[in-house]
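**Student:** To start, I am sharing the structure in question, which I have written as structure tokens.
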Amino acid sequence: MTMATLAPEPAGTSAPAELDAATLRQAFGAYPTGVVAISAMRGDEPVGFAASSFVSISLQPPMVAVSVARTSTTWPRLAQAPLLGLSVLSHGQGALCRRLASREGRRFDGVAWSSTPEGAVLIEDAALWLTARVGATYDGGDHEIVLLELISVELFDGVEPLVFHTSQFRELLPHA
Ligand SMILES: Cc1cc2nc3c(=O)[nH]c(=O)nc-3n(C[C@H](O)[C@H](O)[C@H](O)COP(=O)(O)O)c2cc1C
């Protein structure tokens, strides 16, 4: 078992050396999440990426949030879109998720998607569709925390979500 400690430290100093990126990736990966495809039309092309940092925030007003890497080349293009599509990927969509995260090739080749009149792109066979407008953003270190104001919700009952845990895609099983 590896144990990295988070010792209290005076403000203004850097993080303890043992909290290196590899340790933190492993630690964060111990927390299971779903994965959401965030996509919109830019010109004639769908643009999007996969995000596991999706989290529900507020019922009134309806809001969710994602944390976006400051290095993302896709986000600056999406942030300009009038409406974003958020598709909660379903249990069979692990390969599709990798594709939507890859830096090579055309991400949407071979992916079944549709777009709304306002240009939100939604992935077919997902477990949930949301559309949202970009709201306030907050500093999140090497990520930017982005609030998304929900405009519409379409839930596909009975479609099981994809689960991401310890860098692997998994499926939900009922508790025995
Ligand atoms: C399962 C999974 C979850 C991801 N979650 C996030 C995330 O929450 N935020 C983020 O900025 N990138 C996330 N990524 C990385 C992006 O999908 C994508 O690879 C990244 O944006 C780099 O591409 P870009 O330069 O086109 O933006 C995730 C990738 C995978 C495979």
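**Student:** For M41, M63, what ranking results if the residue with the fewest other Cβ atoms within 10 Å of its Cβ goes first?
**Tutor:** If I rank by nearby Cβ atoms, fewest first, I get M63, M41.
**Student:** Evaluate the distance, in nm, between pseudo-label points positioned 7 Å from the Cα of M63 and of L172 along their respective Cα→Cβ axes.
**Tutor:** Output for this residue pair reads 2.6 nm.
**Student:** Same structure again: Pairs of Cα atoms under 8 Å, at least six residues apart: use those to get the relative contact order of the chain, whole percent.
**Tutor:** Result for the chain is 25 percent.
**Student:** What Kirkwood hydrodynamic radius, in Å, does the stretch 104-176 give when the mean of 1/r is taken over all pairs of distinct Cα atoms and then inverted?
**Tutor:** Hydrodynamic radius (Kirkwood, Cα only) of the stretch 104-176 equals 15.4 Å.
**Student:** Please list, ordered by chain and number, the residues whose modelled amide H lies under 5 Å from the amide H of E144; skip anything fewer than 5 residues away on the same chain.
**Tutor:** The answer is V68, A69, R70.
**Student:** Where Rh denotes the Kirkwood radius from the mean inverse Cα pair distance, what is Rg over Rh for the stretch 31-166?
**Tutor:** Ratio of gyration radius to Kirkwood radius for the stretch 31-166: 0.92.
**Student:** Considering the chain as a Gaussian network with a 10 Å cut-off on Cα pairs, which listed residue, E160, E144, E104, attains the greatest mean-square fluctuation?
**Tutor:** Among E160, E144, E104, the largest GNM mean-square fluctuation belongs to E104.
**Student:** Springs between alpha-carbon pairs under 10 angstrom, Gaussian network model over the chain: which of G85, G158, G34 fluctuates most?
**Tutor:** For the chain, modelled as a Gaussian network with Cα springs under 10 Å, the answer is G158.
**Student:** Which order results if L84, L173, L155 are arranged by neighbouring Cβ count within 10 Å, fewest first?
**Tutor:** Ascending number of Cβ neighbours within 10 Å: L173, L155, L84.
**Student:** Which ³J(HN,Hα) values in Hz, rounded to whole numbers, follow from the phi angles of the stretch 116-123 under the Karplus curve 6.51 cos²θ - 1.76 cosθ + 1.60, where θ = phi - 60° and Gly and Pro get x?
**Tutor:** Per residue, the Karplus-derived 3J(HN,Hα) values read 8, x, 8, x, 6, 9, 10, 8 Hz.
**Student:** Also, quick follow-up: First select every other residue whose beta carbon is under 14 angstrom from the beta carbon of S52; then total the charges, Lys and Arg +1, Asp and Glu -1.
**Tutor:** +3
**Student:** Name the residues of the stretch 100-144 whose amide N is less than 17 Å from a point 7 angstrom out from the Cα of V153 along the C-beta direction?
**Tutor:** 127-133
Laboratory data are not the source of any read-out in this text; all were calculated from the coordinates shown. This structure is a prediction, so every number in the text was calculated from the model and none was measured. Here Cβ is always computed from backbone atoms with ideal geometry, including for glycine, and neighbour counts include all displayed protein chains.
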